[in-house]
Amino acid sequence: MAVNQDCFLKKTPSFYASGRGMWLNARISVILRCMDITFAELGLNEQLLEGVAALGFTNPTPVQAQAIPVVLEGRDVVASAQTGTGKTGAFTLPVLQLVGKAEKGEVAPRALIITPTRELAQQIDTVADKLCSVTGQRVATVIGGERYDRQLKRLKAGCDVLVATPGRLIDLMERKEVDLSHVQILVLDEADRMLDMGFWPSVRKIVARLPRTRQTLLFSATISGDIQQSMPTMLHDPVLVEISRSGQTADTVEQRLVPVVQGQKVSLLTHLIETGHPRRVLVFCRTKQRVDSVAAALEREGLKVGVMHADRAQKQRERALDGFRSGELEALVATDVMSRGIDVSDIDWVVNFDAPLDPEDYVHRIGRTGRAGESGVAFTFLAPDEVGPLREIEYFTKQLVPVWEPADFTFAQGRIVPNEKRATSRSQRSVFSGSRSRGRGPAGGRFGRHS
């Protein structure tokens, strides 16, 4: 049975691609009223359908139903969907079908998937490896924190799909240990992070080594200004698959704003855990040093805590994540980059111990809870010096974060409780514009960022 895309896709002639008024030629907006289709209707072959069954997937999620047929057509795609909605399957399934199985003696990958964190790379590897066990294809993953000899052995054995983090891939490129000349499909997972100023130089260096004629897929929870500015140079005639508008948060997440002074944040977090008895609490801080100090403070309060940030060894990160999954740890404290790589089901609470400076990180952070239709709670601890980031978050998400007061907790003097009647209109820039260093300009572009 062919997919009748018109039953759930609304096509418009163009979409707005940047704050400077650049227009590209295609947009797909989602109408979520007709999603009762099967994977068999998306054009996947029999082997991959067996792989889907092995993964335990039943019906495709909206992003899978929309993206898979378009990717199979060979089109460049920019896909935006909330976290926890099946983006990994949305690109892994069609990519494996398109690249096929290498002939005997061929070792160079024909698909390259780049992702910002080791944890995300391992998650993609898990999905792809299970599918490849059915299709007979090969996937190799190269990430920092692992021994070179093991990864070189995998590369020399050959692979159809290579999953990599940018730093390790560039190391292998400079050692001339990886051949990217046969790559037919490039996938940037968490594309908004991959194209920002932190990763863009590395991504640009990798892309320069790829064939000019290729299919390019960008997948992210948000379509940021960095993605929009990169689209004309990286993609050809792209199709936009947009399950949620930029900045939209999941309805399954209850957001709570708790005004508090900096010195009381640890006491407040401890009080909430002791009185609320959540099974899993994921705590986000801005910096690695802040993560370490908060984790140490929670441990002094008698809580079992794990730590995840870029300075931790891979084995340490894996142990922390495994302990968090198993319930051995009551809380996991992490940096923003980890908000893209923590795939743990049944996270009851996300706590923004520090309000994120980038509002897009807020969407990614709170998206770690309320996944797969389950409900969750996201707390944001707001100190007096964090009102600016809060305004940017509310401007970006186009909603106010409701103020919430915990019972039986005595707040110190000096905290600022935001006015519940603060403005919601885009035109009232005094409230929602944020700082010029990190905020958004009138046309939607980012101040202080360059492509």
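Summary table
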{"quantity": "When each of LYS205/LYS265; LYS87/LYS315; LYS205/LYS304; LYS153/LYS288; LYS304/LYS398 is checked by Cα-Cα distance, pairs over 31 Å", "calculated": "LYS205/LYS265; LYS205/LYS304; LYS153/LYS288; LYS304/LYS398"}
{"quantity": "Only Lys, Arg (+1) and Asp, Glu (-1) charged, at Cβ; region 271-328 dipole about Cα centre in debye", "calculated": "200"}
{"quantity": "Candidate residues GLU374, GLU242: accessible-area rank, largest first, probe 1.4 Å", "calculated": "GLU374, GLU242"}
{"quantity": "Label-zone membership for region 271-285, site ALA310, 7 angstrom Cα→C-beta point, backbone N under 17 Å", "calculated": "285"}
{"quantity": "Length released on extending from TRP404 to GLU254, taking residue separation times 0.36 nm less the Cα-Cα span", "calculated": "52.9 nm"}
{"quantity": "Top positive-direction residue, dipole computed over region 192-237 with Cβ charges, set HIS236, SER202, ILE223", "calculated": "SER202"}
{"quantity": "Per-pair calculated FRET efficiency, R0 = 22 Å: THR275 and GLU318 via Cβ, rounded to 0.05", "calculated": "0.10"}
{"quantity": "GLU46/ASP171 FRET efficiency (R0 25 Å; Cβ-Cβ; nearest 0.05)", "calculated": "0.05"}
{"quantity": "Distance between modelled label sites at ALA412 and ASP237, nm, 7 Å Cα→Cβ extension", "calculated": "6.2"}
{"quantity": "Accessible surface of THR165 - all protein chains present, 1.4 Å probe, nearest 10 Å²", "calculated": "10"}
{"quantity": "Accessible area in the full protein assembly, largest first, 1.4 Å probe, for ARG154, ARG256, ARG75", "calculated": "ARG154, ARG75, ARG256"}
{"quantity": "Stretch gain in nm, segment GLU106-ARG150, where the contour uses 0.36 nm per residue and the Cα spacing is subtracted", "calculated": "13.9 nm"}
{"quantity": "Inter-label distance, nm, simple model (7 Å from Cα along the C-beta direction), GLU301/ASP346", "calculated": "2.4"}
{"quantity": "FRET efficiency, 1/(1 + (r/R0)^6) with R0 30 Å, evaluated for LYS130 and ARG209 via beta carbons", "calculated": "0.55"}
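The values are calculated or read from the model by the stated rules, or taken from the named source; none is laboratory data. In this text, all values refer to a predicted model and were calculated from it rather than measured experimentally. Ideal geometry is used to build each Cβ from the backbone, glycine not excepted, and the neighbour counts take in all protein chains shown. Protein only, heavy atoms only, side chains kept; ligands, DNA and RNA dropped before computing areas. Shrake-Rupley method; radii C 1.70, N 1.55, O 1.52, S 1.80 Å.
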